[in-house]
Amino acid sequence: MRSDLPTRLRHDLDRSLFTVARLSGAGAWGASGGAALFRGERIAARRALASRIPATGEERASDTLALLFVLGYPQSRADVDAALPTLGLGGAEALSLIQVDGDTVRPLVDLRPYSFVDSAGEVTWWIASDLGELALQGPLREDHVLGIGGASTTLSGLMIPRAVDRALDLGTGCGIQAMHVARHARHVVATDISSRALDFARFNAELNLVDGIEFRLGDLFEPVAGETFDHIVSNPPFVITPRAEGVPAYEYRDGGMVGDALVATVVEQVGAHLAPGGVAQLLGNWETGGSGKRGAFSVADWVARGGADLDVWVVEREVQDVASYAETWIRDGGTRPGSADFERLYEVWLDDFAARQVSEIGFGYVTLRRPQDPEAATTTTIERLAGSLGSNDTGLGAHLLEGLDAVDALRSLTDDELLLTTLRVAGDVTEERHYWPGNDDPTVISLRQGGGFARTVESGTALSALVGACDGDLGVGAIVGALAQLLEASEADLRAELLPRVRELVRVGILRL
């Protein structure tokens, strides 16, 4: 029999003002407290909450829930009972949210508000997961179930907003990606190797009234053997951790394989589970150095090993040397710098990288697609875009979808057909010119994209003039012909120079068909 406890909890959370807007910004703990939390420190947020007097019972309930479930501070029995009047302390204990010890209530989970805007609108959810390092004030358990983190919000923002029939969230964790993809997929399968993670995922889906998700236990693609999907998303356990005695292996981030083999395995196998036209999106790390380690270019090698004909689009966002990488992930597990454990683990990580001759580790986004037409020639794009992103109100997903659509359109256009095509410059594109003092001719011309990845494309006089003339009236060939006369250049040479650049500008969204 289905319990009504999640419904009662949702009722209390709805009325408590326990929201992102209330807690962050100029809210309960303010910008300073929020910034300290982002750095992994909770005292400033606690002091900010203690310094103010809640104006209403709803604000008081929000403060109590934030102190208990977000910051991890025990609260009084009376305050928690007042914050959860419908659920009650007994209901919260039955859901394993709290432990009551006399007049003190201690949190057993992290429960926090989560808000976002996607192509379907604005949403507020509450997401439960294991208590983090902030609340535990020490290392995490190895079967820790992670809540909302930087990687999970990154992947959800990349999610292509296309209505599909079947979707897969591989390695669902607390269920956040499955819940996101359920907003545009009729049926979602969410898998994980951890039964604890699936318990959290089921709870979160029920708490937030997200239907259409089927949860399956198992490793990688084993739970979906022989099945195909229109959309696959995965935030896999991509962290490269030494396989050595005494090194914690956290289920949520460590795949149990050597080096970047876990991400390689997912990429190799995902093609077999993509339906025609299906898209896979995942995050990953990849190594440079050693035998066959080509950084982001390794992703194309992994796809080839899998044997599927896929479009490959890799965007590398960050590269770290091995020392920085080791420091980042040892701290992530809750081991503090300066401790004996930190130094021991640091040595082991650096020994592992040295033994395998790894010099650096990249992080980025992988988009793979099986073309609708099995005879279509596939494309491979590997790019490093490490700067700030552009303005994307609903995330990068719409930009990625436009890019895939552009690849499809360009794939069917011959150069002669492209010359007859009319293009329009995107509304977020600006041009920047640099001059030597006193010179009339620019030394550098750049085209800048306001949205998407905020690309800067180095241009030239001819390309810049062509882009400026793309207003949807003249075909590309007519513009090139006019430029050839104006610049007193060979029209054939100008076509050969500009057409590949035009294709690239269409692919990245600076020019639109």
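Against the chain, whose longest principal axis is taken from its Cα atoms, helix 340-355 shows a tilt of about 30°. Each residue of the range 429-446 is assigned a 3J(HN,Hα), and the resulting list reads 9, 10, 10, 10, 10, 10, 10, 6, x, x, 8, 8, 8, x, 8, 9, 10, 10 Hz, derived from the Karplus form 6.51 cos²θ - 1.76 cosθ + 1.60 (θ = phi - 60°), x at Gly and Pro.
Convex hull volume per residue, computed on the Cα atoms of the range 385-440, equals 184 Å³.
Modelled label positions at Arg196 and Leu499, each set 7 Å beyond Cα in the direction of Cβ, lie 6.0 nm from each other.
Could you give the length gained by full extension between Asp405 and Ala304, i.e. 0.36 nm per residue of separation minus their alpha carbon distance, to one decimal place?
On the way: separation 101, 0.36 × 101 = 36.36 nm, distance 2.28 nm.
The span from Asp405 to Ala304 would gain 34.1 nm if fully extended.
For the range 22-127, the list of GluC sites (Glu not before Pro) that fall in a loop by DSSP and count at most 13 other C-beta atoms within 10 angstrom reads Glu41. Along the Cα-to-Cβ line of Ala386, 7 Å from the Cα, sits a label point; which residues in the range 125-153 have backbone N less than 20 Å from it? The answer is 151.
Annotation for His11 and Asp428: the two label points, set 7 Å from Cα along the Cα-Cβ direction, are 4.3 nm apart. Between Val117 and Ala31, the contour length at 0.36 nm per residue exceeds the alpha carbon distance by 28.9 nm. Using a probe of 1.4 angstrom and keeping all protein chains present, the accessible surface of the chain works out to 44 square angstrom per residue.
For GluC sites (Glu not before Pro), the sites in the range 424-513 that DSSP calls loop and that have at most 14 other Cβ atoms within 10 Å are Glu488. Accessible area of Ser388 (1.4 Å probe, protein heavy atoms only, ligands and nucleic acids ignored): about 100 Å². Peptides 131-140, 157-166 ranked from most to least packed by the mean count of surrounding Cβ atoms within 10 Å: 157-166, 131-140. The portion of the accessible surface of the range 106-235 made up by carbon and sulfur, rounded to a whole percent, is 49 (1.4 Å probe; DNA, RNA and ligands excluded). Excluding Leu220 itself, what net charge comes from residues whose Cβ is under 11 Å from its Cβ, given Lys and Arg +1 and Asp and Glu -1? Net charge in that neighbourhood comes out at -4. Which of the three applies to the range 351-490, rounded, prolate or oblate, going by the alpha-carbon gyration tensor with a ≥ b ≥ c and a/c under 1.5 meaning rounded? Taking the square roots of the gyration eigenvalues as a ≥ b ≥ c, the range 351-490 is oblate.
To the nearest 0.05, how large is the calculated FRET efficiency for Glu458 and Asp219 if R₀ is 41 Å and r is the Cβ-Cβ distance? For Glu458 and Asp219, the calculated efficiency is 0.35. When a 1.4 Å probe is rolled over the protein heavy atoms, the share of accessible surface on the range 315-418 that falls to carbon and sulfur comes to 47 percent. Seen against the Cα atoms of the chain and their longest principal axis, helix 5-15 is set at about 70 degrees. Principal-axis analysis of the Cα atoms of the chain puts helix 195-207 at an angle of about 90° to the longest axis. With contacts taken as Cα pairs under 8 Å at a separation of at least 6 residues, the range 113-164 carries a relative contact order of 27 percent. Comparing Cα centroids, the range 270-288 and the range 434-501 end up 35 angstrom apart.
The values are calculated or read from the model by the stated rules, or taken from the named source; none is laboratory data. None of the values given here were measured: they were computed from a predicted structure. Please note: Cβ atoms are built from the backbone with ideal geometry, for glycine as well, and neighbour counts cover all protein chains shown. With ligands, DNA and RNA removed, areas are computed over all heavy atoms of the protein, side chains included. Shrake-Rupley method; radii C 1.70, N 1.55, O 1.52, S 1.80 Å.
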